[in-house]
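Here the structure is laid out as structure tokens; the discussion comes afterwards.
The values are calculated or read from the model by the stated rules, or taken from the named source; none is laboratory data. Predicted model, so just to flag it, every value in this text is computed and none were measured. Ideal geometry is used to build each Cβ from the backbone, glycine not excepted, and the neighbour counts take in all protein chains shown. We work out accessible area using only protein heavy atoms, side chains counted, and drop any ligands, DNA or RNA first. Shrake-Rupley method; radii C 1.70, N 1.55, O 1.52, S 1.80 Å.
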Amino acid sequence: MKWLFVLLLALVIFGGAAWFGYNTFVKEDIAVKKEQRGEVTPPPAVDISLPEFQAAAQLRQDGKLTEARDAFISLIQKYPSGKHLDEARDLLGEVNVDILLSRHPSPEKTEYVVKPGDVLAKISRKLKTTPELIMRMNNMSGTMLHIGEHLLISHPDFSIVIQRKMDLVVLLNHGTFFKQYHVREAKLQGKQSAKITAKVAETMAWKGGKRVGIGSKEYLSSTRWVRLAGAPSYTVYSLPDSAHPNVEQRPAPAALGLVASVVEELSSVLNSKTALTILACVRFYHGRATGRFRKTDP
């Protein structure tokens, strides 16, 4: 019986040593080789930005627009390579527009009291804004004003960066990210410069194949275009969406197609002084400290 006990003890000792050696050296070496060959999928990285993204989205859902804007800006600056970066930019843009194109109070807005002799075009020139922006901010269905009426006025300084490779139209306000729009169609000419600078030539409204003015009754139901100056001259045209199922006007030869609601929104904030940059392959990120766009390599 003694020899049997010695045999069992030897099996335990040598078996334990073999098991320890396999798990410590052999198994780890096999796992490393499998991962190097791509046979093992590494565990997903922990999404540390998710709680802050969800909190910012909840603020927007609760109607706390100013707080939501600050939360999204903080998130984008804190996690410039985060999983929710593009979605956070989209939502930040929605919040920025919700604040701008409404009577929601914000530090960027001032109040103007309509005086005798005031007309919308005169006020917009005096205060360096656009008639349509005043209309949309104050929920006006027409250009008629009333003496003593209180209007909220904003003084944005918009510019546009068109990122052709990423199919994005990025709207900047005072050089800082404001909103990004996704290009749905592109009818562009051949090889061009890596960077083209120009200005917005004009915004246009079409109804029944004819141009209509901002004061006409057809304006609110019209199809909008934005024509860009420069060589080549691009046109941003409208594509049908749920709010605009019937878009009549056909696009120009060199053009970018965005959904009609987006072009309508852009036409309300742009004017002939709006600076424009078209980039062939350069992309931007939202700056960590300043919040401004900075150039990175393509």
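Quick notes on this one:
- Failed condition for I153, given (1) open to solvent by less than 20 Å² (accessible area, probe 1.4 Å); (2) more than 23 Å from the chain's Cα centre (by Cα); (3) within 17 Å of A275 (Cβ to Cβ): (3)
- When segment 249-263 is filtered for residues that are in a strand (DSSP E or B) and open to solvent by 20 Å² or more (accessible area, probe 1.4 Å), only V259 remains.
- Scan of segment 165-202 for residues that are assigned to a loop (DSSP other than H, G, I, E, B), open to solvent by 70 Å² or more (accessible area, probe 1.4 Å) and more than 28 Å from E132 (Cα to Cα), ordered by number: K165, M166, Q189, K191, S193
- Boolean, K115 is at negative phi, among the basic types (K, R) and at pLDDT 90 or above: yes
- Residues of segment 49-80 classified as in a loop (DSSP other than H, G, I, E, B) and either in contact (Cβ under 8 Å) with a residue 60 or more places away in the chain or buried (at least 16 other Cβ atoms within 10 Å of the Cβ) (or both), total: 3
- Test for S272: is it of a type in the set (S, T, N, Q) and modelled with pLDDT of 90 or more: no
- Matching entry among E87, E94 (being under 17 Å from the mean Cα position of the chain (by Cα), over 17 Å from I214 (Cα atoms) and touching a residue at least 40 places away in the same chain (Cβ under 8 Å)): E94
- In summary, R103 fulfils each of the numbered conditions (1) surrounded by fewer than 18 Cβ atoms within 10 Å (Cβ to Cβ); (2) part of a helix (DSSP H, G or I) with the single exception of condition (2).
- Enumeration of residues in segment 108-127 that are in a helix (DSSP H, G or I) and either over 24 Å from G213 (Cβ atoms) or open to solvent by less than 30 Å² (accessible area, probe 1.4 Å) (or both): L120, I123, S124
- Scanning segment 132-161 for residues that are among the small types (G, A, S) and in a strand (DSSP E or B), we see that the one that is modelled with the highest pLDDT is S159.
- Among the residues listed as K199, K195, the single one being charged (D, E, K, R) and at pLDDT below 85: K195
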